[in-house]
């Protein structure tokens, strides 16, 4: 399945339990010797929500959260008859996310996800005093850019640039993914403001490299744009794989993401 081109392999672990998802994610994600994907998503039971999600990147590392994957899970569990609810609670490593289904002919057309509160990431310098990174100069691999660090339950480093298509995303993204401020790595977004409410974004995802889209990255980019007064509360994020509508509700301080989800194919593979 894919959400805006962000494609993952989905397994219902209640039916097909997996003992080694990290190794399987790396093996199956390979485009030449496996299925080919940005990673592996496990759909499971939960004692505190309707379902649970675990997500593993293409390199086998476990991620905290993926907005595009949550929408695909909503489509999967509804259309497979695992639930009749049109509002689903999903347990993730970043907390419980609420998924609101938009139906068309009893099929899931779009999903709105309450992505929670965006937070500026805090750092400690050598004197252990706390600071937040907002449009500060950062350097990695010989590149210097102004970045804003935002958490959507997972870390994002957002750079606003004048001409996104002219950037070497592979080289720059790989360099900043392992910036010393982020010992566990960081997702890197490159964003160009097209107009008020429209932003072109490309993403280098931690553990996966360039992907067609990133839901949490789109939310982090929209939040960073608001923080830097580059856009307002409603923003359309245009990514390589499609568009996402992002709304930052200032009253609740929550970000809501709306987008589609698509089933590509189903199949069987020997473990």
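Here, each number is a calculation from the coordinates, and none is a lab measurement. Here the structure is a predicted model, which means the values were calculated and not measured. Cβ coordinates were reconstructed from backbone atoms using ideal geometry, including for glycine residues, and neighbour counts include every protein chain displayed.
Averaging the inverse of every distinct alpha carbon separation and then flipping it gives the Kirkwood radius. What is it for the range 59-177, in angstrom units? Mind dumping the intermediate values first?
Values: mean 1/r = 0.0581 Å⁻¹.
In the range 59-177 this quantity evaluates to 17.2 Å.
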Please list, in order, the residues from the range 87-113 whose amide nitrogen is less than 19 Å from a point placed 7 Å along the Cα→Cβ vector of residue 253. 94-98
Given a Förster distance of 30 Å, the FRET efficiency implied by the Cβ-Cβ spacing of residue 266 and residue 47, rounded to the nearest 0.05, works out to 0.60
How would you rank 265, 190, going from fewest to most other Cβ atoms within 10 Å of each one's own Cβ? 265, 190
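Rounded, prolate or oblate: pick one for the range 174-271, where a ≥ b ≥ c are the square roots of the eigenvalues of its C-alpha gyration tensor, a/c under 1.5 means rounded, and failing that, prolate if a/b is larger than b/c, else oblate. List each step's numbers first, then the result.
Values: a/c = 1.96, a/b = 1.28, b/c = 1.52.
Oblate shape, in that a/c is at least 1.5 and b/c is the bigger or equal ratio.
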Angle, helix 67-79 long axis vs. longest principal axis of the chain, Cα atoms, 0 to 90°, nearest 10? 20
Over the chain, the quotient of the Cα radius of gyration and 2.2 N^0.38 Å is 0.97
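Need one number: % antiparallel among DSSP beta bridges in the range 119-254, to the nearest 5.
Working: 32 of 40 bridges.
In the range 119-254, DSSP labels about 80 percent of beta bridges as antiparallel.
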Take the Cα of residue 168, step 7 Å along the line toward its Cβ, and report every residue of the range 202-239 whose backbone nitrogen sits under 17 Å from that point. 204, 210
DSSP beta bridge pairing in the range 1-103, given as percent antiparallel to the nearest 5: 75
Antiparallel DSSP beta bridges within the chain, percent to nearest 5: 80
Return one number: the angle in degrees, 0 to 90 and rounded to the nearest 10, between the long axis of the Cα atoms of helix 215-227 and the longest principal axis of the Cα atoms of the chain. 30
What is the distance in Å between the Cα centres of the range 71-147 and the range 228-271? 9
The range 8-33 and the range 205-225: distance between their alpha carbon centers, rounded to Å: 22
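Can you tell me which of 71-81, 146-156 comes out highest on packing, and rank the rest after it, using the mean Cβ neighbours within 10 Å?
On the way: 71-81: 21.3, 146-156: 23.9.
Ranking the peptides 71-81, 146-156 by packing returns 146-156, 71-81.
Can you give the direction-averaged projected area of the convex hull of the alpha-carbon atoms in the range 2-116, in nm²? Kindly include the intermediate steps, with their values, before the conclusion.
Working: hull surface 28.1 nm².
Averaged projected area of the range 2-116's Cα convex hull equals 7.0 nm².
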How big is the range 119-254 in terms of Cα radius of gyration and Dmax, in angstroms? 14.0, 44
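Per DSSP H run of n ≥ 4, the term is -39500 (n - 2.57); total these for the chain, divide by its residue number, and report the mean residue ellipticity at 222 nm rounded to 500 deg cm²/dmol.
On the way: 4 runs with 44 residues, N = 271.
Rounded to the nearest 500, the figure is -5000 deg cm²/dmol.
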